[in-house]
1. With the contact rule set at Cα under 8 Å and sequence spacing of 6 or more, what percent relative contact order holds for the chain?
2. Quick one: Debye curve from the C-alpha atoms of the range 92-180, no solvent, what's log10 I(q)/I(0) at q = 0.23, 0.24 Å⁻¹?
3. Ordered by residue, what ³J(HN,Hα) values in Hz, to whole numbers, does the range 149-156 give under the Karplus form 6.51 cos²θ - 1.76 cosθ + 1.60, where θ = phi - 60° and Gly and Pro are x?
4. How long are the three semi-axes of the equivalent ellipsoid of the chain, in whole Å, if each is the root of 5 times an eigenvalue of the C-alpha gyration tensor, listed from largest down?
5. Below 8 Å between Cα atoms, with a sequence gap of 6+, how large is the relative contact order for the range 82-138 in percent?
6. Just to confirm a number: summing +1 for Lys and Arg and -1 for Asp and Glu over residues other than residue 160 whose beta-carbon lies under 15 angstrom from that of residue 160, what do you get?
7. Whole number in Å², please: accessible area per residue of the chain, 1.4 Å probe, ligands, DNA and RNA not counted.
8. Give the peptides 90-97, 78-85 in descending order of average Cβ contacts within 10 Å, highest first.
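The values are calculated or read from the model by the stated rules, or taken from the named source; none is laboratory data. A quick note: this is a predicted structure, and the numbers were derived from the prediction, not measured. Heads up, the Cβs are rebuilt from the backbone with ideal geometry, glycines too, and the neighbour counts pull from every protein chain shown. Remember, those area values only see protein heavy atoms, side chains included, never the ligands or the DNA or RNA. Shrake-Rupley method; radii C 1.70, N 1.55, O 1.52, S 1.80 Å.
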Amino acid sequence: MGTILLIVGSVLPLISSVVYVLSIIKGDTRPQRATRFLIALITGLSFFALWSAGDGYGMWLALVSFMQALAICVLAVKRGIGGHAPLDILCSVLCGIGLVAWWLTGESVVGLAAAIFADFVAIVPALVKTWRLPNTETWLFYGLDCAAGLCVLVAAPLDLLHSAYPLYIVFANAVFVWAILRPRALVH
């Protein structure tokens with residue numbers, strides 16, 4: 001059962017990527033540029049941190065997330081919003097601190113913690129944008145990634161190293177789903 005959940009947890013972000021890319025191309029979604037650039041950087045860090053720690057569970061989710069982030073980052077350059085605001089710059093600096101912390105320690109667990117911290121800081125500009133302009137995002141993208149994180153979380157051993165990244169993915173994506181659907185629920 002664990003293997004099936006890992007496969008589903010790795011396939012769902014691929015599906016969510018297609019959903020998001022199509023939504024960007026149609027003009028329904030306008031990704032936040034700074035966030036998308038930072039997430040591409042950070043998901044790469046997360047993958048390498050998990051890989052070096054020997055985490056055979058979260059590593060696959062991180063690899064798929066990295067591929068997803070690269071594709072979206074490329075689209076965000078032309079079709080995105082923001083990227084130069086003071087909040088974007090502040091979050092970029094804080095993410096840089098997280099990346100340097102990982103590099104200086106060389107410890108995979110510290111790298112994972114730094115990657116999660118950096119990712120959290122990186123999503124702040126996108127979350128602010130989504131809160132203000134919920135119609136510039138699609139909840140399905142975040143909902144599928146949330147489900148992927150749940151699959152990996154259930155399949156992984158119940159310890160901090162194996163659970164931290166999938167748990168973070170569930171939390172972060174659930175917050176976006178809520179921010180996107182919140183205004184719609186109040187209107188109806």
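1. 31 percent
2. Result of the Debye calculation: -1.09, -1.11.
3. Running phi through 6.51 cos²θ - 1.76 cosθ + 1.60 with θ = phi - 60° gives x, 4, 4, 5, 4, 5, 7, 6 Hz.
4. For the chain, the semi-axes come out at 25, 20, 14 Å.
5. 32 percent
6. -3
7. Heavy-atom SASA per residue in the chain reads 49 Å².
8. For the peptides 90-97, 78-85, the packing ranking is 90-97, 78-85.
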